[in-house]
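Below you'll find the structure, written out as structure tokens, and then a few comments.
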Amino acid sequence: MTAERYNARESEPRWQAIWDEKAIFASKNDDKRPKYYVLEMFPYPSGRIHIGHVRNYTLGDVLARFMRAKGFNVLHPMGWDAFGLPAENAAIERKVAPKAWTYDNIAAMKKQLRSIGLSLDWAREFATCDPSYYKHQQKMFLDMLAAGLAEREKRKLNWDPVDMTVLANEQVIDGRGWRSGAVVEQREMSQWVFKITKYAQELLDALDGLDRWPDKVRLMQRNWIGRSEGLLIRFALDPATTPAGESELKIFTTRPDTLFGAKFMAISADHPLAQAAAAKNPDLAAFIADIKKIG
């Protein structure tokens, strides 16, 4: 007896059509079974999927199918991380409207993802550039603004001069933008910031109750919150000898008891003293310029 070779091109579309017809991956809000939520990171609609997408969504799909087989009402949706300057820049480069470019890419990638046969509830699909989605974000922001939890501040940021956008530290690789490859610049820009520090202690206290979290993850969260206790020490300076005529240097320390052993004080490249000194020292000015390109 010879084994018949599996014909994926014939079998996969046939079974996927049956799955869609019977809506076996749809999750109903009134289902009485225990709920389980599986969500992978949304893909950026670049126009085509790659093996990284296949790996990521296959792992999530295995979990979703496993929990569904255990009797859970599994919500396994899909969406598109489609909002932002990269989409606009890509559209400008191709001389098309950002909306048309984005939704064409979504259609192409959705067709590819559906061909894999993932157990997704496509009825829950949305794109982050849809007004029906981001209107909720806008309302949340306005609520936080009204509550005094959002404000404008000047912050030093990583700037990609090619993509013309701000980059997170993780998006700067060896001093260059991860997408464009351009040398990243440090720029001080006005940004909206959220006053999460108001809840720093509350967040830290709540970490102790997350007993199912690994210790290393809780430590990462504590370090990210970054609350510290200390003093602001003012060291007197001679205005006659300082480049900017400053009379004191303020330093924050968590260990004021060790100040008698201090040998020097360091300032950042953006400190007024450093900027004033650089105005009279070309070598220092060049050094500061190089630092701003590190990211």
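The values are calculated or read from the model by the stated rules, or taken from the named source; none is laboratory data. None of the values given here were measured: they were computed from a predicted structure. Methodologically, a virtual Cβ is constructed for each residue, glycine included, from the backbone with ideal geometry; neighbour enumeration extends over all protein chains shown. SASA here: full protein model, heavy atoms, side chains in, ligands and nucleic acids out. Shrake-Rupley method; radii C 1.70, N 1.55, O 1.52, S 1.80 Å.
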request  = Scan Ala127, Ala90 and give me the residue that is open to solvent by less than 20 Å² (accessible area, probe 1.4 Å), more than 30 Å from Ile18 (Cβ to Cβ) and aliphatic (A, V, I, L, M).
outcome  = Ala90
ask   = Do any residues in region 219-244 that are over 23 Å from Lys280 (Cα atoms) have Cβ atoms under 9 Å from those of residues that are open to solvent by 80 Å² or more (accessible area, probe 1.4 Å) and part of a loop (DSSP other than H, G, I, E, B), where the two are at least six apart or on different chains, and which pairs are they?
value = Gln221/Trp213; Gly230/Arg255; Phe235/Met265
request  = Would you check if there is a residue in region 81-90 being free of Cβ contacts under 8 Å to residues at least 12 places away in the same chain and more than 21 Å from the chain's Cα centre (by Cα)?
outcome  = no
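Just checking, how many residues over region 263-282 are part of a loop (DSSP other than H, G, I, E, B) and open to solvent by less than 60 Å² (accessible area, probe 1.4 Å)? Before you say what the answer is, go through the steps one by one.
Initial filter on region 263-282 (part of a loop (DSSP other than H, G, I, E, B)): 263-271, 279-281.
Filter once more, so that each one left must be open to solvent by less than 60 Å² (accessible area, probe 1.4 Å): 269, 271.
Selection size over region 263-282: 2.
This table checks each residue for (1) in contact (Cβ under 8 Å) with a residue 60 or more places away in the chain; (2) not aromatic (Phe, Trp, Tyr).
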| site | (1), (2) |
| --- | --- |
| Phe126 | no, no |
| Lys139 | no, yes |
| Val166 | no, yes |
| Arg176 | yes, yes |
| Val183 | yes, yes |
request  = Inspect all residues belonging to region 228-243 and state whether any of them is assigned to a helix (DSSP H, G or I) and over 30 Å from Asp163 (Cα atoms).
outcome  = no
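Rundown of residues vs (1) surrounded by 13 or more Cβ atoms within 10 Å (Cβ to Cβ); (2) closer than 30 Å to Leu59 by Cα; (3) among the β-branched types (Val, Ile, Thr), yes/no style:
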| residue | (1), (2), (3) |
| --- | --- |
| Ile106 | yes, yes, yes |
| Met109 | yes, yes, no |
| Tyr133 | yes, yes, no |
| Met140 | no, no, no |
| Asp143 | no, no, no |
| Ala146 | no, no, no |
| Leu149 | yes, no, no |
request  = Can you work out which of the residues in region 215-262 that are over 31 Å from the mean Cα position of the chain (by Cα) and aromatic (Phe, Trp, Tyr) is surrounded by the fewest Cβ atoms within 10 Å (Cβ to Cβ)?
outcome  = Phe260
Selection count where residues are within 23 Å of Gln112 (Cα to Cα), among the hydrophobic types (A, V, I, L, M, F, W, C) and open to solvent by 60 Å² or more (accessible area, probe 1.4 Å), scope region 1-36 = 3
task = Looking for whichever is open to solvent by less than 90 Å² (accessible area, probe 1.4 Å), of a type in the set (A, V, I, L, M, F, W, C) and either part of a loop (DSSP other than H, G, I, E, B) or in contact (Cβ under 8 Å) with a residue 40 or more places away in the chain (or both) here; the options are Leu63, Leu39. Which one fits?
result = Leu39
remark   = Note on region 42-57: residues surrounded by 13 or more Cβ atoms within 10 Å (Cβ to Cβ) and out of contact with any strand residue (DSSP E or B) (no Cβ under 9 Å at 6 or more places or on another chain) are Ser46, Gly47, Ile49, His53, Val54, Asn56, Tyr57
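Name the single residue, out of those in region 244-262 being outside any helix (DSSP H, G or I) and hydrophobic (A, V, I, L, M, F, W, C), that is farthest from Arg227 (Cα to Cα).
Our first condition is that a residue be outside any helix (DSSP H, G or I); within region 244-262, this holds for 244-255, 262.
Restricting the remaining residues to those that are hydrophobic (A, V, I, L, M, F, W, C) gives 244, 249, 251-252, 262.
Details: Ala244: 32, Leu249: 23, Ile251: 17, Phe252: 13, Ala262: 23 Å.
The selected residue is Ala244.
Just wondering, is there one or more residues in region 82-92 that are part of a loop (DSSP other than H, G, I, E, B) and on the phi < 0 side of the Ramachandran plot? So that I can check it myself, show each step before the final result.
Step one: of region 82-92, the residues part of a loop (DSSP other than H, G, I, E, B) are 82-84.
With the extra rule that they be on the phi < 0 side of the Ramachandran plot, the set shrinks to 82-83.
Yes; the residues of region 82-92 include at least one that is part of a loop (DSSP other than H, G, I, E, B) and on the phi < 0 side of the Ramachandran plot.
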